[in-house]
2 protein chains.
Amino acid sequence: MENVLKEITPKSVDYSQWYVDVIKKADMVDYAPIKGFMVIKPYGYRIWEFIQDAMNAEFRATGHENAYFPLLIPENLLLREAEHVEGFSPEVAWVTVGGGEVLAERLAVRPTSETIVGAMYARWIQSYRDLPVLMNQWSNVVRWEKATRPFLRTTEFLWQEGHTVHRTESEAEAETRQQLEIYRRVIEQELAIPVIAGRKSAGERFAGAIDTYTLEALMGDGRALQIATSHFLGQNFAKAFNIQFLDEDGVQKYGWTTSWGSSTRMIGGLIMVHGDDKGLRIPPRVAPLQVVIVPITRGSEGEQVLRYARELETRLKSRFRVRLDDRAEYTPGYKYNDWEMRGVPLRIEVGPRDVANQALVLARRDTGAKETVSRDRLEETVVNQLTAIQHNLFAQALQEQHRNRRSVTHYREVEKYGYRGLFDGDWCGRESCADTLKTETGMTIRCLPLDGPTIQTGCVVCGQLAVSHIVFARAY
Amino acid sequence: MENVLKEITPKSVDYSQWYVDVIKKADMVDYAPIKGFMVIKPYGYRIWEFIQDAMNAEFRATGHENAYFPLLIPENLLLREAEHVEGFSPEVAWVTVGGGEVLAERLAVRPTSETIVGAMYARWIQSYRDLPVLMNQWSNVVRWEKATRPFLRTTEFLWQEGHTVHRTESEAEAETRQQLEIYRRVIEQELAIPVIAGRKSAGERFAGAIDTYTLEALMGDGRALQIATSHFLGQNFAKAFNIQFLDEDGVQKYGWTTSWGSSTRMIGGLIMVHGDDKGLRIPPRVAPLQVVIVPITRGSEGEQVLRYARELETRLKSRFRVRLDDRAEYTPGYKYNDWEMRGVPLRIEVGPRDVANQALVLARRDTGAKETVSRDRLEETVVNQLTAIQHNLFAQALQEQHRNRRSVTHYREVEKYGYRGLFDGDWCGRESCADTLKTETGMTIRCLPLDGPTIQTGCVVCGQLAVSHIVFARAY
């Protein structure tokens, strides 16, 4: 038993190593033969599928449709929007040879798809009657990154990217905000990760955007993670790609566009927010396995216990994601640890005494609490406990966020908190002060929070007149 | 009305042009800025999602789990299995530059993933207890094709590829056949496309396989389409990638592997099998829209008709994929044609008389038949008709297949059938005869059918002793 536990480095000793240990031990991911690439194993991928289901339901309910745009983008398209190309070119992987021949024009493996989508939208949109266009795609993207970490920052990752065109500026702005709220709902309700919603400062915006909205979450080591973003692109891309429509008044006008994305990075956030020194803790709503049944089968009553356990499994199977761990080669203790490492929310233990009493022991992964439950009350107890775990994980994470969010009047105060956590303060709006903050503390402006406090004092860097309230932190 | 119809070239005039017209008019796909690439629009992509759902259900029920492997494969991995590399290298797109630097080793954009999956499996599998490994991935692949056609053959396409490892040869063979049967079920039951299942001849096998099983379908122009394949790879890839396990008897052994794939090509098959001169006909089970309601709102009773139509929509919405077409700028006649072009299985027409009679007119896309239905019987009639359409489309396609499948004793007989259709005959097993067949008729051996007739005569080319019964045809 202790053998197993030792394999995960404690958070307090080395957080980065803890993270790597957990994802390997939980069998979520492995490193690919090329540096910076990952293989997402079934146990990790299943979480992604639950996220996809939740997002798709929200996207469809708001009129969005899924589509698929090409992986490869001709260089000339990528170059059309000046800020965009400046932001993304350094990270691009280029295809230069195809079918045995050097290509006349090299092709970018998409780092994001605004350019190719924009080129198609320009072709499809003619009249105001064609608007809004509300599309989303689930795809892989490649960004050549120097420092990578599974789920959090990898050269290739999976994501969804929404791309919309609207008739008016206000409709496009409303879309940008609506999608941010969808992300907030899915991330808070499904992944149980509390987020802070806000606007990015100019220096932190998406390349080519007028406004970037973001959700920021606090990780277990006190750093922030940008977990989803939604961009109001104004008419920048419409002008670069000539997305025009004939309006009802007979005037030819440029469309107003948005884009918004969320990725497998969310799974990295889930691990860091909920994991503990025993391994993962997965919120029940996105858990590949919600209940594991471990039979204690030593001795003469082994067969009887196994039969009893199988009956429980059969009963639960139609409503929950359940597995009976009947591996003969492992002890119950080993199995307890194994499934704790993998973060299964509920464990059912059954031994000879439980069979005799027509009962079972239910153990919660989040709190470690155990209770004996009568067999008659099996389903209702499981439902109630899974709900309780989902809520408790969110509540714990929210408490953690509150405990580590502090107001400061000068950025030097962050030193006494070990540069950990989220800091509220005021800002004069000058990028030079943002630069100072970064150089001196390694912190960046995470966002200008939407629901944050109002301006109280002067800029946390220069002390001069503040124009915005900001949340700043070290970030992934 | 005739204006709209004229936009689709009749099948009999130019089948290729008919195909292109249909997919454009039905708004399923568009050409991307790079030759050979396509954009799958929402109406096409939704069909893909239904196929994914059906396949995923079958895969899961048989113990397979989804995972994700990297897009880019180092050249050295691709070179490991000799036949495989020979088959795929000419079609590979190469990434040679990443992050502004020329890469030390060029990276293939995956044309298929046996190599990268094999490299990972070698790392994950140690003991017989780790077997079988049953994984599937949904992904994009790139194969540099010279002649392309949307859905049927494109440089990039979407697919699923399953990769499994087994302890014994017979288990791997059983898996190969099981997956073929899954494909057959989904393609016949969901897409209503009847298929012929068989083994590929040596010359037509997947590069690196011991045996390739295939499903072949007959298209509307008399050509065959290979619509899904399942490969028994023996120990070829296990040896190339060193996938070994310690068996229960203490001996280190190579695993037996399989791979199997199906792609967006299936949507091309659906279009060609079911489409007619009015456009698409989509089987109800995979139709993005199953029912469209067209209100006839001219005159003073327009508002009343629209209200009545909305009530019908509300009633149907919870059980069917339904849309009320209340666009004011188009006539009912235009709408009828528009939705026929898009292949919506059922159309409901409602006018003032229907409101008065508490009835509606139901028109079937597959047969053109119309019936007046009492409002009380709405749901049950829609269910029955959708089921009837699903069955009728399959029955029609099966009849078409039977009508165009002919037995011959010599390959020259195909000339009198205009080289159209599927031909049954015998074969001596020599590749030289397969080559003659191809040169002389443009036909290839589609398969050695699993349920086909037995050998009757001599080889259709050389007349000598036959060893196999074959189905041959011109193919996509």
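The values are calculated or read from the model by the stated rules, or taken from the named source; none is laboratory data. Please read all numbers here as calculations on a predicted model, not as lab measurements. When we count neighbours, we look across all protein chains shown, and the Cβ atoms used for this are built from the backbone with ideal geometry, even at glycine.
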**OP:** Run down A:L386, A:L398 and say which single residue is of a type in the set (A, V, I, L, M), touching a Pro at 6+ places or on another chain (Cβ under 7 Å) and within 17 Å of A:L280 (Cα to Cα).
**Re:** A:L386
Subject >> Selected residue (only one of A:T439, A:T457, A:T381 is surrounded by fewer than 16 Cβ atoms within 10 Å (Cβ to Cβ) and modelled with pLDDT of 95 or more) >> reply: A:T439
Subject >> Tally of residues being under 24 Å from B:R80 (Cα atoms) and within 9 Å of chain A (Cβ to nearest Cβ) across region B:119-133 >> reply: 4
Original post:
Out of all the residues in region B:350-362, which are without any contact (Cβ under 8 Å) to a residue 24 or more places away in the chain and surrounded by 16 or more Cβ atoms within 10 Å (Cβ to Cβ)?
Top reply: B:A359, B:V361, B:L362
**OP:** Evaluate the following for A:F237: is it buried (at least 22 other Cβ atoms within 10 Å of the Cβ), in contact with a helix residue (DSSP H, G or I) (Cβ under 7 Å, 6 or more places away or on another chain), within 21 Å of A:H64 (Cα to Cα) and assigned by TED's automatic domain parsing to the domain that holds A:F50?
**Re:** yes
Original post:
Does region A:399-416 include one or more residues that are assigned by TED's automatic domain parsing to the domain that holds A:A466 and of a type in the set (F, W, Y)?
Top reply: yes
**OP:** Identify the residue in region A:181-208 that is at pLDDT below 95 and in a loop (DSSP other than H, G, I, E, B) and, among all such residues, is farthest from A:E400 (Cα to Cα).
**Re:** A:G208
**OP:** Being surrounded by fewer than 16 Cβ atoms within 10 Å (Cβ to Cβ), in a loop (DSSP other than H, G, I, E, B), away from chain B (no Cβ under 14 Å) and over 33 Å from the mean Cα position of the chain (by Cα) is the filter here, so list the residues in region A:293-334 that pass it.
**Re:** A:R298, A:G299, A:S300, A:T331
**OP:** Would you please list the contacts, defined by Cβ atoms under 9 Å and residues six or more apart or on different chains, that run from a residue in region B:399-410 that is within 25 Å of B:G463 (Cβ to Cβ) and free of Cβ contacts under 8 Å to residues at least 60 places away in the same chain to a residue that is of a type in the set (A, V, I, L, M, F, W, C) and part of a helix (DSSP H, G or I)?
**Re:** B:R406/B:V414; B:V408/B:V414
Original post:
Does at least one position in region A:377-398 carry a residue that is free of Cβ contacts under 8 Å to residues at least 12 places away in the same chain and at positive phi?
Top reply: no
Subject >> Residues being small (G, A, S) and farther than 22 Å from B:T115 by Cα - total across region A:16-37 >> reply: 2
Original post:
Out of all the residues in region A:80-91, is one or more at pLDDT 95 or above and touching a Leu at 6+ places or on another chain (Cβ under 7 Å)?
Top reply: no
**OP:** Sort through B:T214, B:T176, B:T168 and tell me the only one that's of a type in the set (S, T, Y), at pLDDT 95 or above and surrounded by fewer than 22 Cβ atoms within 10 Å (Cβ to Cβ).
**Re:** B:T168
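Results for (1) over 27 Å from the mean Cα position of the chain (by Cα); (2) charged (D, E, K, R), shown as yes or no for each residue.
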site	(1), (2)
A:S407	no, no
A:H410	yes, no
A:E415	yes, yes
A:S432	yes, no
A:R446	no, yes
A:L450	no, no
A:C459	yes, no
A:G463	yes, no
A:I470	no, no
Original post:
Given B:E181, B:E188, which one is farther than 21 Å from B:G118 by Cα, within 13 Å of the chain's Cα centre (by Cα) and not β-branched (V, I, T)?
Top reply: B:E188
**OP:** Give, as residue ranges, the strands (runs of 3 or more DSSP E) completely inside region B:372-455 that count at least 2 residues that are among the basic types (K, R).
**Re:** B:405-407
Original post:
Of (1) out of contact with any helix residue (DSSP H, G or I) (no Cβ under 7 Å at 6 or more places or on another chain); (2) closer than 29 Å to B:A217 by Cβ; (3) more than 13 Å from every other protein chain (Cβ to nearest Cβ), B:E114 satisfies all except one. Which?
Top reply: (1)
Subject >> Residue list for region A:89-115, filter: more than 23 Å from the chain's Cα centre (by Cα), over 14 Å from B:A32 (Cβ atoms) and hydroxyl-bearing (S, T, Y) >> reply: A:S89, A:T96
**OP:** Would you mind stating whether A:W256 is touching a Gly at 6+ places or on another chain (Cβ under 6 Å) and aromatic (F, W, Y)?
**Re:** no
**OP:** Please find, among A:A122, A:A209, the residue that is surrounded by fewer than 20 Cβ atoms within 10 Å (Cβ to Cβ) and either closer than 21 Å to B:V39 by Cβ or hydrophobic (A, V, I, L, M, F, W, C) (or both).
**Re:** A:A122
Original post:
When the residues of region A:140-165 are filtered to those that are closer than 30 Å to A:I125 by Cβ and among the β-branched types (V, I, T), which remaining residue is nearest to the other protein chains (Cβ to nearest Cβ)?
Top reply: A:V142
Subject >> Enumeration of residues in region B:127-153 that are of a type in the set (F, W, Y) and part of a strand (DSSP E or B) >> reply: B:W138
